[in-house]
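Heads up, the thing below is written out as structure tokens.
The values are calculated or read from the model by the stated rules, or taken from the named source; none is laboratory data. Computed from a predicted structure; not experimentally measured. Please note: Cβ atoms are built from the backbone with ideal geometry, for glycine as well, and neighbour counts cover all protein chains shown. Ligands, DNA and RNA are excluded from the accessible area calculation, which covers all protein heavy atoms including side chains. Shrake-Rupley method; radii C 1.70, N 1.55, O 1.52, S 1.80 Å.
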Number of protein chains: 2
Amino acid sequence: MTHPRYTDLVQSLPASVPFVGPETQERQRGAPFLARLGANENGFGPSPRAIAALQEAAHDAWMYGEPESYELRNALATHLGVTRDNIVVGEGIDGLLCYLVRLLVGPGDAVVTSDGAYPTFNYHVAGFGGTLHKVPYRDDKEDPEALLAKAHETGAKLIYLANPDNPMGTWHSAAVIEQLAAELPGGCVLALDEAYVEFAPEDAVPNIAIDHPAVLRLRTFSKGYGLAGIRVGYGFGATEFIKNFDKIRNHFGMSRPGQAAALAALHDTEWLETTKANVSEARARIARVAERHGLQALASATNFVAIDCGRDGAYAREVLSKLIGLGVFARMPFVSPQDRCIRISCGPSVEMDILENALSSSL
Amino acid sequence: MTHPRYTDLVQSLPASVPFVGPETQERQRGAPFLARLGANENGFGPSPRAIAALQEAAHDAWMYGEPESYELRNALATHLGVTRDNIVVGEGIDGLLCYLVRLLVGPGDAVVTSDGAYPTFNYHVAGFGGTLHKVPYRDDKEDPEALLAKAHETGAKLIYLANPDNPMGTWHSAAVIEQLAAELPGGCVLALDEAYVEFAPEDAVPNIAIDHPAVLRLRTFSKGYGLAGIRVGYGFGATEFIKNFDKIRNHFGMSRPGQAAALAALHDTEWLETTKANVSEARARIARVAERHGLQALASATNFVAIDCGRDGAYAREVLSKLIGLGVFARMPFVSPQDRCIRISCGPSVEMDILENALSSSL
């Protein structure tokens, strides 16, 4: 009865967790949060049609999800003006990032990202033994030129960039992203995380040929569509690229009610417009509240706002800690200099009221 | 604009799929199935309390699932008489098998299974570069002695065994499994897939100390609880073993409505008893129908029945093909000599009626 022989890679991994969930924090503080504004969930909720589809699909929950996500991919193909074979549906962008890294990255392979960008991407890279090379943000934005230079320098197989960015909410114009895609080093893939694209101005959405061999764009039903809980995301790119996911993905991994809800949500364009208006209003309100306290809210193309607390990371952590103590679940960037900010998700006005009061007490 | 540099491993993988879904077959045949009896789904459906929980949770679908599955693990701990730290919750047994293989198996590592056992396990082993060693079934049962011998011979890191077995429905007594666990070679893990355990006789459920360092037992809400579509499974074993999953699992991978449904299903023990009675009745009926046609149904400890068509694989494939042509979704073992059988899932009497008629026409 000796012990399991883990791979060398697994033995080298820390027992790290990309994010501590709000429920864990609630258990630690011994009380529920009053406002849940820390994970960029969309408190305006999904389309009523998506809720109805989810409820209807409860009766079908005895059946496995459809392994090809055929209907959903057809609908997404129409939505995006591409073909079904350009699309892979997966268990949220997190799940798809895991597959993507697994396709490309083995021990020692170079991967480039920004210092302070999405930690779950880093978690997957570490999980497959890749070597992460990080470049600093510039003016609170990810820096495509620096990412490219670092990719050239390291011979990277993969660059990660989110546009709009998380955790800062900033964005690049389409032209900048298009140039990045055009100038990728040979054999280097761009993972373009567009989780927040529905909230972004039109001119932040690049026009990249779907048959670009080395760009994978990632989107989700978690943010704009308000369905984080169902775990449905998608990637799109060249068919040659996309078909590789079939070699490793969990073919029966999609929840059937989730597939139904995503399909219904996609068709409810009116609800999406309402959500965008609600988010826009909440963003403006968060900015006003910040300004009233002499703080600056960064312009955001997402459903959250980074508030510059005006001093260093220690101070912002203190503000965040007070907010949490007052029952507001929020988060902040992990890395300097972005960590002078706290990050607040947009939510319905009752939660914005709670935030406003808590922020006043915290500052 | 050159192409992605996939890992050597990924380049070597075929674009294989463990199972073709019934919906794909429906599209190919241009008509829906009349009876869905091929994937060992549980057509008796989940507890009404689980359906209600799923519907109620639709309103919470804007929130991510709880990354620790804290409540569900607590409930499972009570159910199993172990602690929360002995349990990992994951995206179905398929998802957990992927994690398990990833923890242990690197290129060239030996893994032992039975020839004709669960193909999705093999898919994961191939996906991480492991070398599969297969031993034959004996008398339509997996052969623990042969598995052990092969593991010794190959220095295997991992043995897979399902009890009860899929696709044959056969089972070993607790004593046999306990002996297998006791005699594992040093550094060899037993993945004991108990997907069908709720349907098995009590004496098929082994008593293995929860702190056995090298046994991981896998169970699911997909079968007994009738919730295949929500993708919730769990593994249990020594805390030292279990905690490694936190290094690689998708921490925010669980669907929130799925977590709620699983919790409700677990608490409805009465429904589970009803389901077991329903399945037992359907098993007996399938056996009677087979016998009426001079065929033998294998005794089953699962929610499906393997019917021995009495000749070779070609003949059984022909029978299966006719069944499918008549609108009955069914499957059959992939490998000789098990492939003399077809495999029929238990279902409500309306589906059993359809099966009975179709089988009469097919033989």
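Cβ separations smaller than 6 Å between residues 6+ apart or across chains give the following pairs from the stretch B:268-291 residues that are more than 17 Å from B:R343 (Cβ to Cβ) to residues that are part of a helix (DSSP H, G or I) and open to solvent by 70 Å² or more (accessible area, probe 1.4 Å): B:D268/B:R49. Residues in the stretch A:226-237 that are open to solvent by less than 10 Å² (accessible area, probe 1.4 Å) and more than 7 Å from chain B (Cβ to nearest Cβ): A:V232, A:G233, A:Y234, A:G235, A:G237.
The condition (being buried (at least 21 other Cβ atoms within 10 Å of the Cβ) and within 23 Å of A:H79 (Cα to Cα)) is satisfied by just one residue among A:L180, A:L184, A:L218: A:L218. Among the residues of the stretch B:177-195, is there at least one that is part of a loop (DSSP other than H, G, I, E, B) and under 17 Å from the mean Cα position of the chain (by Cα)? Scanning the stretch B:177-195 turns up at least one residue that is part of a loop (DSSP other than H, G, I, E, B) and under 17 Å from the mean Cα position of the chain (by Cα).
Count of the stretch A:27-39 residues, restricted to those that are more than 8 Å from chain B (Cβ to nearest Cβ), touching a strand residue (DSSP E or B) at 6+ places or on another chain (Cβ under 8 Å) and either free of Cβ contacts under 8 Å to residues at least 60 places away in the same chain or of a type in the set (A, V, I, L, M) (or both), is 3.
Residue count for the stretch A:239-250 under the criterion of being open to solvent by 10 Å² or more (accessible area, probe 1.4 Å) and assigned to a loop (DSSP other than H, G, I, E, B): the result is 2.
Listed here are the residues, each with its yes/no results for (1) in a loop (DSSP other than H, G, I, E, B); (2) crowded, with 23+ Cβ neighbours inside 10 Å; (3) modelled with pLDDT under 95; (4) touching a helix residue (DSSP H, G or I) at 6+ places or on another chain (Cβ under 9 Å).
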residue: B:S300; (1), (2), (3), (4): yes, yes, no, yes
residue: B:D339; (1), (2), (3), (4): no, no, no, yes
residue: B:D353; (1), (2), (3), (4): no, no, no, no
residue: B:E356; (1), (2), (3), (4): no, no, no, yes
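Within the stretch B:12-23, the set of residues being closer than 17 Å to B:S321 by Cβ and at pLDDT 95 or above comprises B:P22 only.
This table checks each residue for (1) more than 14 Å from chain A (Cβ to nearest Cβ); (2) open to solvent by less than 10 Å² (accessible area, probe 1.4 Å); (3) within 28 Å of A:S255 (Cα to Cα).
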{"site": "B:R256", "(1), (2), (3)": "no, no, yes"}
{"site": "B:T269", "(1), (2), (3)": "yes, no, yes"}
{"site": "B:N278", "(1), (2), (3)": "no, no, yes"}
{"site": "B:I286", "(1), (2), (3)": "yes, yes, no"}
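Regarding B:R217, is this residue in contact with an Asp or Glu (Cβ under 6 Å, 6 or more places away or on another chain), under 24 Å from B:W271 (Cα atoms) and more than 8 Å from chain A (Cβ to nearest Cβ)?
For B:R217, the condition - in contact with an Asp or Glu (Cβ under 6 Å, 6 or more places away or on another chain), under 24 Å from B:W271 (Cα atoms) and more than 8 Å from chain A (Cβ to nearest Cβ) - is met.
Does A:L190 qualify as being of a type outside the set (S, T, N, Q) and over 19 Å from A:I242 (Cβ atoms)? So A:L190 fails the test.
Whenever a residue of the stretch B:184-211 is under 15 Å from B:L147 (Cβ atoms), its partners that are open to solvent by 10 Å² or more (accessible area, probe 1.4 Å) and of a type in the set (S, T, Y), lying with C-beta atoms within less than 7 angstrom and at least six residues away or across chains, give the pairs B:D193/B:Y118.
Give A:A57, A:A50 a once-over and let me know the one that is under 21 Å from B:S255 (Cα atoms), open to solvent by less than 70 Å² (accessible area, probe 1.4 Å), in contact with a Phe, Trp or Tyr (Cβ under 9 Å, 6 or more places away or on another chain) and at the interface with chain B (Cβ under 8 Å from one of its Cβ atoms).
Checking each option against the conditions leaves just A:A50.
Just give me the residues in the stretch B:146-173 being within 17 Å of B:A110 (Cα to Cα), out of contact with any strand residue (DSSP E or B) (no Cβ under 7 Å at 6 or more places or on another chain) and either open to solvent by 40 Å² or more (accessible area, probe 1.4 Å) or β-branched (V, I, T) (or both), in sequence order.
Correct list: B:A149, B:H152, B:E153.
Report whether or not A:N42 is of a type outside the set (F, W, Y), more than 9 Å from every other protein chain (Cβ to nearest Cβ) and either surrounded by 20 or more Cβ atoms within 10 Å (Cβ to Cβ) or more than 17 Å from A:S255 (Cβ to Cβ) (or both). Considered against the rule, which asks whether it is of a type outside the set (F, W, Y), more than 9 Å from every other protein chain (Cβ to nearest Cβ) and either surrounded by 20 or more Cβ atoms within 10 Å (Cβ to Cβ) or more than 17 Å from A:S255 (Cβ to Cβ) (or both), A:N42 comes out as no.
Scanning the stretch B:337-363 for residues being over 26 Å from B:F199 (Cβ atoms) and in contact (Cβ under 8 Å) with a residue 60 or more places away in the chain gives a total of 2.
Residues in the stretch A:60-72 that are more than 8 Å from chain B (Cβ to nearest Cβ) and surrounded by fewer than 21 Cβ atoms within 10 Å (Cβ to Cβ): A:E71 alone.
Of all residues in the stretch B:88-101, those satisfying the criterion of being part of a helix (DSSP H, G or I), open to solvent by less than 20 Å² (accessible area, probe 1.4 Å) and in contact (Cβ under 8 Å) with a residue 60 or more places away in the chain are B:G92, B:I93, B:D94, B:G95, B:L96, B:L97, B:L100. Checking the stated criteria, A:L161 turns out not to satisfy the condition of being part of a helix (DSSP H, G or I) and on the phi < 0 side of the Ramachandran plot. Residue pairs whose Cβ atoms lie under 8 Å apart, sitting 6 or more positions apart in sequence or on different chains, and linking a residue in the stretch A:5-19 that is in contact (Cβ under 8 Å) with a residue 12 or more places away in the chain and at the interface with chain B (Cβ under 7 Å from one of its Cβ atoms) to a partner that is of a type in the set (D, E, K, R) and in a helix (DSSP H, G or I), are A:L13/B:K247. Selection over the stretch B:104-131 of residues that are touching a residue at least 60 places away in the same chain (Cβ under 8 Å), more than 19 Å from the chain's Cα centre (by Cα) and buried (at least 22 other Cβ atoms within 10 Å of the Cβ) gives a count of 1.
Would you say A:E91 is within 7 Å of another protein chain (Cβ to nearest Cβ), out of contact with any Pro (no Cβ under 9 Å at 6 or more places or on another chain) and closer than 30 Å to B:L272 by Cα? In short, yes. Go through the residues of the stretch B:200-208 one by one and say whether even a single one is at pLDDT 95 or above and either aromatic (F, W, Y) or surrounded by 24 or more Cβ atoms within 10 Å (Cβ to Cβ) (or both). No: zero hits.
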